[in-house]
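Dumping the structure here so I can ask a few things about it.
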Amino acid sequence: MLALQTFIMSLFKDKKGATAVEYGLMVALIAVAIIAAVLLLGGNLATLFNTVAQCLGNLANCGGGGGGP
């Protein structure tokens, strides 16, 4: 019985498993934040890049048709 008690106490003292779980949770939360940001901003960024691409193709219609004042 004493060996079982010693084994259980050694499990509570070992912190390596807890650290690995904490790092895993942090990675998961960062991944969720990145996915949320992409989903929220993805449409706006696509629209912005499409607008810039159209303006580069036709500067006269985007108000940039000159080099200076």
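Could you list, ordered by first residue, the pairs with Cβ atoms under 8 Å in which the first is in the range 1-12 and open to solvent by 100 Å² or more (accessible area, probe 1.4 Å) and the second is modelled with pLDDT of 75 or more, at least 6 apart or interchain?
Final answer for the pair search is none.
Given (1) over 21 Å from the mean Cα position of the chain (by Cα); (2) at pLDDT 90 or above, identify the lone condition not met by residue 28.
Every listed condition holds for residue 28 apart from (1).
The values are calculated or read from the model by the stated rules, or taken from the named source; none is laboratory data. Only a predicted model underlies this, so the values are computations on that prediction, with no experimental measurement involved. With ideal geometry, Cβ positions are generated from the backbone for all residues, glycine too; neighbour counts draw on all protein chains shown. Side chains are part of the model used for accessible areas, which takes the heavy atoms of the whole protein and leaves out ligands, DNA and RNA. Shrake-Rupley method; radii C 1.70, N 1.55, O 1.52, S 1.80 Å.
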